[in-house]
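Structure, as structure tokens:
The values are calculated or read from the model by the stated rules, or taken from the named source; none is laboratory data. All values derive from a computational prediction rather than experimental measurement. Don't worry about glycine lacking a Cβ; one is built from the backbone with ideal geometry, like all the others, and counts go over all protein chains shown. Keep in mind that these areas ignore ligands, DNA and RNA; they rest on the heavy atoms of the full protein, side chains included. Shrake-Rupley method; radii C 1.70, N 1.55, O 1.52, S 1.80 Å.
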Amino acid sequence: MRLIAFLGEGLRSVAPVIGILLVFQLLVLRQPLENWREIAFGLVLTVVGLVVFLRGLEIGLTPLGESASNALAGRGSLSLVVVFGVALGYGATLAEPALRILAEQVENLTAGALGSTLFVQTVAVGVALGLAVGAARIVLGVETTPFFIPALALALVLTFFAPERYTGLAFDAALATTGPVTVPLAIALGSGLALALDRGDVLIFGFGLVAFAALGPILCVLALGIYLGSPSGG
């Protein structure tokens, strides 16, 4: 019964998207589904995979992140927290499936001028630095605003110097990397540190790491664009 409930939950998550696509394909565009068997099989795999993935996060990855956060807070070492933030941000980014898809598209559309490996590594470094700064902020007990305003101002300035084609890439990379792997871990790290260190209002000190994880790639990809220049390709 629990398995059926989990499958139903996964189906409810993707049903609106499937419904919209089918309505446009069959009713608005009036185009038949020539390979409907393969599509149906793929949709079943999507639902099953989503359920397995989310359950794995719920019972495995997220509790592990919370446990590590509590242990870090007990050590009381700022440098250790920063190192953990760097490692967690870098590793989580490499596991994000959406970022891989974006990187492959970028490499294809630029005819290899901007390789997928370089793009992924740049984004991973940005997330790593963002989580490290965000975690250090919690340990030091500093609110979010003093960090966000300068970071956003720097991102705005860099957009004027980076090639136009990197601006869209930078913001898309920030969204692609804050996906189903990075977000739960960032939330677990932030809330775990804030609670363990008794920072008071958890909504002020425990949250914001996802935003730091998004700002880092924006700054790094824009900086990469300034260094490399405009990528070629169609």
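Using 0.36 nm per residue and subtracting the Cα-Cα separation, the extra length available between Ser13 and Leu152 on full extension is 46.8 nm.
Report, please, the projected area of region 1-107 averaged over directions, based on the convex hull of its C-alpha atoms, in nm². Its Cα hull, projected and averaged over all orientations, spans 10.5 nm². With no solvent and one point on each alpha carbon, what is the Debye value of log10 I(q)/I(0) for the chain at q = 0.08, 0.09, 0.14 Å⁻¹? Listed by q, the Debye log ratios stand at -0.38, -0.47, -0.99.
Just want the answer: with Cβ charges of +1 for Lys and Arg and -1 for Asp and Glu, which residue in Ser13, Ala223, Leu152 is farthest toward the dipole's positive end in the chain? About the Cα centre, the residue reaching furthest to the positive side is Ser13. Please work out the ratio of the alpha-carbon Rg of region 83-158 to 2.2 N^0.38 Å and round it to two decimals. It is 1.30. For the pair region 119-186 / region 69-103, the C-alpha centres are spaced 13 Å from each other.
What FRET efficiency comes out for Leu21 versus Glu164 if R0 is 25 angstrom and r is the Cβ-Cβ distance? Round to the nearest 0.05.
With R0 = 25 Å, the Cβ-Cβ based efficiency is 0.20.
Evaluate the relative contact order of the chain (contact order divided by residue number), counting alpha-carbon pairs under 8 angstrom at least 6 apart; express in whole percent. It comes to 26 percent, rounded to a whole number. Element breakdown for region 25-124 at a 1.4 angstrom probe: carbon and sulfur atoms account for 65% of the accessible area. Estimated from helices alone, the mean residue ellipticity of the chain at 222 nm is -26000 deg cm²/dmol (sum of -39500 (n - 2.57) over DSSP H runs with n ≥ 4, per residue).
Net length available on complete extension from Leu45 to Ile204 is 53.3 nm, with 0.36 nm assigned per residue and the Cα-Cα distance removed. Excluding ligands, DNA and RNA, the accessible surface per residue across the chain is 55 Å² with a 1.4 Å probe. Across region 104-206, how large is the tail of the calculated P(r) beyond 15 Å, expressed as a percent of all Cα pairs? The proportion of pairs with Cα distances above 15 Å equals 70 percent.
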